[in-house]
Amino acid sequence: MSMFWLMGIVLCIVLSCPAFARLAPRPAPMSATVFASPTTEPMPLMRGNTIHINPESDSLDTHITHSNRRLYDSIASKSKRRAFPRFLYKLLFIDNRNEDEGDGRIIDENELLQPYAGKTINSITIIQENVFRNPEGWIQRTSNRLHVMTREKIIRRDLLFHAGDRLNPELIVHTQQLLRSRPYIYSTDVEIVPDSLNPDRVDLILKTRDSWTISVDVNLKSEKRVEAGIYDGNIFGSGNKLKVKTSFSRDDFTYGGNSVAYHMPNVLGSFFSSTIEGGRCFFEEKFHTSVQKPFLKPTDYELGASFTNIQSKYLIMEQDSTDLMKARNFDVWGGYSQFIPVINASIFFTARYNSERFGMRPRVSPDYNPSFHKHDDLLFGVGIYRERFLSTSMIYGFGIKEYLATGYKAEFTSGYSWREFNNTFYLGLKLNRGLFRPWGYVMGGISLGSYINSHTGSWEQSQFDIDFIWFSNLLDFRRNRIRQFFKLNYTQGWNRLKGNNEHLRYTKYNGLRVLDEYALGTTRLALNTETVMFTPIQPLGFRFAFFGFADFGTLGRSGNIFKNPFYSSFGIGLRLKNERLIFSEVQIQLGFAVGKGGWLGSDYLRVSNGTRLEQFRYRPARPETMWFQ
């Protein structure tokens, strides 16, 4: 075993172990309650006769000692004596005791609401707040004055319950999750007030707080192209998003075209979203329109349709080059789910028709470039699922309360494809399970899919995939909070054809950060570890989080992962984000990559709008075939 393998295994074990972050003394006894598993009975968060399911507490100051509190109070007191120290204090420190942020606890809000389950909802009152609750300085005050508040009727459209309904705890929690997923909503808080005259009736008070939704976006593309745009994620308070972009050359500022996109997340309260976009960026042209409604309740339906006409360059993996293609795609799908009380889960049925044609494409043949074959697909899906939300913080965000899905989904997919050369059957199976345990959150998934040639009966383009994600509970290190992340992906393909999308590579979501090497294969292993330290540093409300990572993987044509080339990457970085603003977090990353033979091609420095692990959902969607990439 080479030295690099030994280093990789040792670092993997060290970085993946929660003890790696256990650098501080053991927390006070109250920490056992703060980080308890959701299987333990939650403490009711009551104020008089009103239940609040979003307590106000600081995500980073929960375990600060009294001496630290006295220190910062002293700094605040002394800084007020002169103008410049007062300015620095307002720049670097923010009083978070009034912020709508969690403290990292795992809270089962469904259990908190159970005493009111089945009671009739008298009324629903909505109280709205501006971006900054207690604005300090001209920046925050000006932002509040310029911001257009979300209209109350837009918020009411997203409610999954109405006055006169029986209170369903899961719908209350799901509504909060839905509202917080909107980019124009920063936080929500639900209060339930029992009716003093009728014990079987309650009043609901929904408090929301807006986000700042105007931002700019600059994208440095290949061939020295620049795409710059401005967008408003809540234009005129409607909840709709308008984005306008223009493109030019970095060399001589040659004009490359414009594009416009408009998105409506909930059309007239129907829970149908609609998108239309079109434009040009030099040789790239695109027109896309879609309308769709997802599954939202245990008993519900989904329906959608989309049309895309696109011209762009695609990656020829075998040659590590690009070429121009033009395609037209039409897609329509639908489904129905029914909740079964006996099993406390929903069964679902879905169907989909997809048609794709090409105007420009590379050379094709019966066994070459199947991803560019003209095709008409008819797919059906059937399965069972269960999804619930628990609330916590500092996972995908920097302190704001987040809703994480727990549950499971088992889905069987089958269908028929009328292809340009050979017709095929498709069979697929997907199993996903995610839950909180005393040692953190764990999610596992297994997928298996293959085509069957209708003429020869042979299996083609078969694929097997395993995904695993784990992240730890929050751990204390002085005034900082630390969380450990672990992600594993294993993908193997066999009976593959030739050409594009018939080989695996390291991708943005299943790959090694920093690595910049041309590598292809049919068997891939990618293991990503990351340690994130959330700090109390927050100038102008921007939170800082430092991270370190170590990634390991193998990629090649052998079914034995230990016989394929080995890759690894290591690095550190910084993420900063203001949760009240709509734009993505900024990420600065330093790193290097090594393999068995030594140093590998690396993106040593990268500045980007950072992306974290995707949130997993267990609700069904349109049936899909497995994508080999």
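Taking (1) farther than 30 Å from G335 by Cβ; (2) open to solvent by 30 Å² or more (accessible area, probe 1.4 Å) in turn, F307 satisfies each apart from (1). If you check T175, T150, T142, T188 for being part of a strand (DSSP E or B) and on the phi < 0 side of the Ramachandran plot, only one passes: T188.
On the stretch given as region 356-368, residues that are crowded, with 16+ Cβ neighbours inside 10 Å and acidic (D, E) total 1.
Only one of the numbered conditions (1) open to solvent by 60 Å² or more (accessible area, probe 1.4 Å); (2) closer than 23 Å to T625 by Cα is not met by A351, and that is (1). Here is the figure for region 204-219: residues that are surrounded by 20 or more Cβ atoms within 10 Å (Cβ to Cβ) and assigned to a strand (DSSP E or B) total 6.
Within region 90-119, the residues that satisfy the criterion of being open to solvent by 20 Å² or more (accessible area, probe 1.4 Å) and modelled with pLDDT of 60 or more are R105, I106, I107, E111, Q114, P115, Y116, A117, G118, K119.
Confirm whether N495 is at positive phi, among the polar types (S, T, N, Q) and at pLDDT 85 or above. Answer is yes for this residue. Restricted to region 449-469, and to residues there that are in contact (Cβ under 8 Å) with a residue 60 or more places away in the chain and within 28 Å of the chain's Cα centre (by Cα), the residue that is nearest to Y408 (Cα to Cα) is I469. Of all residues in region 369-379, exactly one satisfies the criterion of being assigned to a strand (DSSP E or B) and open to solvent by 50 Å² or more (accessible area, probe 1.4 Å), namely L378. Output yes when any residue across region 189-205 is of a type in the set (V, I, T) and more than 21 Å from T125 (Cα to Cα), and no when none is. No, because not a single residue in region 189-205 is of a type in the set (V, I, T) and more than 21 Å from T125 (Cα to Cα). When E277, E285 are screened for being modelled with pLDDT under 95 and part of a strand (DSSP E or B), only E285 passes. For region 317-337, taking the residues that are touching a residue at least 40 places away in the same chain (Cβ under 8 Å) and of a type in the set (S, T, N, Q), the one that is most open to solvent (accessible area, probe 1.4 Å) is identified as T322.
Output the qualifying pairs, or none if there are none: Cβ atoms under 6 angstrom, residues six or more apart or on different chains, first residue in region 227-242 and under 17 Å from R156 (Cα atoms) and at pLDDT 90 or above, second residue open to solvent by 10 Å² or more (accessible area, probe 1.4 Å) and charged (D, E, K, R). Qualifying pairs under 6 Å: G237/R151.
Checked against (1) under 21 Å from Y301 (Cα atoms); (2) aliphatic (A, V, I, L, M); (3) outside any strand (DSSP E or B); (4) touching a residue at least 12 places away in the same chain (Cβ under 8 Å), V382 passes all but condition (3). Considering region 417-444, and only residues there that are among the small types (G, A, S) and at pLDDT 95 or above, the residue that is surrounded by the fewest Cβ atoms within 10 Å (Cβ to Cβ) turns out to be S417.
Residues of region 209-250 that are touching a Lys or Arg at 6+ places or on another chain (Cβ under 9 Å), hydroxyl-bearing (S, T, Y) and farther than 22 Å from L178 by Cα: S222, S247, S249. Scanning region 546-553 for any residue that is buried (at least 16 other Cβ atoms within 10 Å of the Cβ) and at pLDDT below 90 turns up nothing.
Selection of region 120-144 for residues being at pLDDT 90 or above and of a type in the set (D, E, K, R) yields only E129. Only residues that are open to solvent by 70 Å² or more (accessible area, probe 1.4 Å) and either at pLDDT 85 or above or touching a Gly at 6+ places or on another chain (Cβ under 7 Å) (or both) were counted across region 598-616, and they come to 4. Look at (1) open to solvent by 60 Å² or more (accessible area, probe 1.4 Å); (2) closer than 30 Å to L574 by Cα; (3) touching a His at 6+ places or on another chain (Cβ under 8 Å); (4) aromatic (F, W, Y) and you find that F389 fails only one, number (1). Against the numbered list (1) within 30 Å of S346 (Cβ to Cβ); (2) basic (K, R); (3) open to solvent by 30 Å² or more (accessible area, probe 1.4 Å), R250 comes up short only at (1). Only one entry of Y314, Y301 meets the criterion of being open to solvent by 40 Å² or more (accessible area, probe 1.4 Å) and of a type in the set (F, W, Y), and that entry is Y301.
The values are calculated or read from the model by the stated rules, or taken from the named source; none is laboratory data. All figures in this text were calculated on a predicted structure; none of them were measured in a lab. Note that we place each Cβ from the backbone using ideal geometry, even for glycine, and neighbour counts take in every protein chain shown. Side chains are part of the model used for accessible areas, which takes the heavy atoms of the whole protein and leaves out ligands, DNA and RNA. Shrake-Rupley method; radii C 1.70, N 1.55, O 1.52, S 1.80 Å.
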